[in-house]
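K.L.:
Pasting a structure below so you can have a look.
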Amino acid sequence: MHMTEPASASTARGKLQPPDLSEKGGLKGGELQRSDERLFMQLMAFGGCDDARALLEYLTAADLTAVVYEDLNDPRGVAVLTLGTDPNMFVDRVRPLVAAGPFTGLRMKPEFTMFGRTYSIGYEPDLREVLLERPRRTVLNPDWRWGVWYPLRRNGRFAQLPAEEQRVILAEHGAIGMTFGAADYAHDIRLACYGLDRDDNDFVIGLIGKDL
């Protein structure tokens, strides 16, 4: 097959600029903050576990940053949270690890699997702190042993609001979360998961704290 196209179409396509996919924060040192680095997290739940500590030791020996939760509602249930800045890690390292060793024989609960990445809303005074440092500290804090994880889907009307109005609403919600964190009641993890969730959810939320 032979095809031709008008020169004007080729010229127009040549002027297209790639979209800017970076995360944006507020001004720092007089310059707008940008980052292409994000923290990815995956939560997987399993049943039939007799020794949760053995799972943590196995993952630690593999040099994997992870948290192992014991399920309040299942005496032999556990959940494993893994995190890293390279999404390839979850395929190249996490996947084979949870298919071997002490995970062999455990029953996976795919309905509780969650995966997402940190994101910004554009006002953050320290973008790296929000995207990488704070979420890592939060989930790895040994004094905050309680964790509640759940998916969240935005109302369709929210998606139709102007981008600036969406940012204002998200900033207000973030401020509420900060008050709970300042009082050490709970510390939140907010991950974007659109396009990554089997039920078409938009976010993964984690509430972490020393008390339930």
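K.L.:
Mind checking which residues of the stretch 21-42 are assigned to a loop (DSSP other than H, G, I, E, B) and basic (Lys, Arg)?
P.N.:
Once the filter is applied, which keeps residues that are assigned to a loop (DSSP other than H, G, I, E, B) and basic (Lys, Arg), the stretch 21-42 yields only 38.
K.L.:
Out of the residues in the stretch 50-65 that are part of a helix (DSSP H, G or I) and free of Cβ contacts under 8 Å to residues at least 24 places away in the same chain, which is surrounded by the most Cβ atoms within 10 Å (Cβ to Cβ)?
P.N.:
Of all residues in the stretch 50-65, those part of a helix (DSSP H, G or I) come to 52-61.
Add one more test, that the residue is free of Cβ contacts under 8 Å to residues at least 24 places away in the same chain, and what stays is 53, 56-57, 60-61.
Details: 53: 10, 56: 16, 57: 14, 60: 12, 61: 9.
Top of the filtered list is 56.
K.L.:
Now for a separate question. Within the stretch 66-102, count every residue that is assigned to a loop (DSSP other than H, G, I, E, B) and either in contact with a strand residue (DSSP E or B) (Cβ under 8 Å, 6 or more places away or on another chain) or surrounded by 14 or more Cβ atoms within 10 Å (Cβ to Cβ) (or both).
P.N.:
The number of residues fulfilling the criteria is 8.
K.L.:
Against the conditions (1) without any contact (Cβ under 8 Å) to a residue 12 or more places away in the chain; (2) closer than 22 Å to residue 196 by Cβ; (3) not in a helix (DSSP H, G or I), where does residue 158 fall short? Just the number, please.
P.N.:
All conditions pass for residue 158, except number (3).
K.L.:
Identify, from the list 132, 196, 127, 170, the residue that is over 19 Å from residue 27 (Cα atoms) and not charged (D, E, K, R).
P.N.:
Checking each option against the conditions leaves just 196.
K.L.:
All but one of (1) outside any helix (DSSP H, G or I); (2) modelled with pLDDT of 95 or more hold for residue 18; which doesn't?
P.N.:
Every condition holds for residue 18 apart from (2).
K.L.:
Here's something else I'd like to know. Only one of these is out of contact with any helix residue (DSSP H, G or I) (no Cβ under 7 Å at 6 or more places or on another chain), at pLDDT below 95, over 25 Å from residue 20 (Cα atoms) and among the aliphatic types (A, V, I, L, M): 152, 106. Name it.
P.N.:
152
K.L.:
With respect to residue 165, determine if the residue is at pLDDT below 95, part of a helix (DSSP H, G or I) and either in contact with a helix residue (DSSP H, G or I) (Cβ under 9 Å, 6 or more places away or on another chain) or not aliphatic (A, V, I, L, M) (or both).
P.N.:
yes
K.L.:
Sticking with this one: Restrict the check to the stretch 145-153 and report whether at least one residue is assigned to a loop (DSSP other than H, G, I, E, B), touching a residue at least 12 places away in the same chain (Cβ under 8 Å) and either of a type in the set (Gly, Ala, Ser) or farther than 25 Å from residue 65 by Cβ (or both).
P.N.:
Checked against the condition, which is being assigned to a loop (DSSP other than H, G, I, E, B), touching a residue at least 12 places away in the same chain (Cβ under 8 Å) and either of a type in the set (Gly, Ala, Ser) or farther than 25 Å from residue 65 by Cβ (or both), the stretch 145-153 yields at least one hit.
K.L.:
While we're here: Please determine whether any residue of the stretch 98-120 is within 30 Å of residue 30 (Cα to Cα) and out of contact with any Leu (no Cβ under 7 Å at 6 or more places or on another chain). Quick ask: steps written out before the conclusion?
P.N.:
Residues of the stretch 98-120 that are within 30 Å of residue 30 (Cα to Cα), as a first pass: 117-120.
Next cut, out of contact with any Leu (no Cβ under 7 Å at 6 or more places or on another chain) only: 119.
The answer is yes, given that some residue of the stretch 98-120 is within 30 Å of residue 30 (Cα to Cα) and out of contact with any Leu (no Cβ under 7 Å at 6 or more places or on another chain).
K.L.:
Something else now. Being of a type in the set (Ser, Thr, Tyr), in a loop (DSSP other than H, G, I, E, B) and touching a residue at least 40 places away in the same chain (Cβ under 8 Å) is the filter here, so list the residues in the stretch 103-143 that pass it. Break it down into steps so the answer makes sense when it comes.
P.N.:
Residues of the stretch 103-143 that are of a type in the set (Ser, Thr, Tyr), as a first pass: 104, 113, 118-120, 123, 138.
Filter once more, keeping what is in a loop (DSSP other than H, G, I, E, B): 104, 113, 118-120, 123.
Of everything in the stretch 103-143, those that are of a type in the set (Ser, Thr, Tyr), in a loop (DSSP other than H, G, I, E, B) and touching a residue at least 40 places away in the same chain (Cβ under 8 Å) turn out to be 113, 118, 119, 120, 123.
K.L.:
So, in the stretch 168-188, exactly how many residues are part of a helix (DSSP H, G or I) and among the charged types (D, E, K, R)?
P.N.:
Within the stretch 168-188, residues that are part of a helix (DSSP H, G or I) and among the charged types (D, E, K, R) number 1.
The values are calculated or read from the model by the stated rules, or taken from the named source; none is laboratory data. Fair warning: this is a prediction, and the values are worked out from it, not measured in the lab. Heads up, the Cβs are rebuilt from the backbone with ideal geometry, glycines too, and the neighbour counts pull from every protein chain shown.
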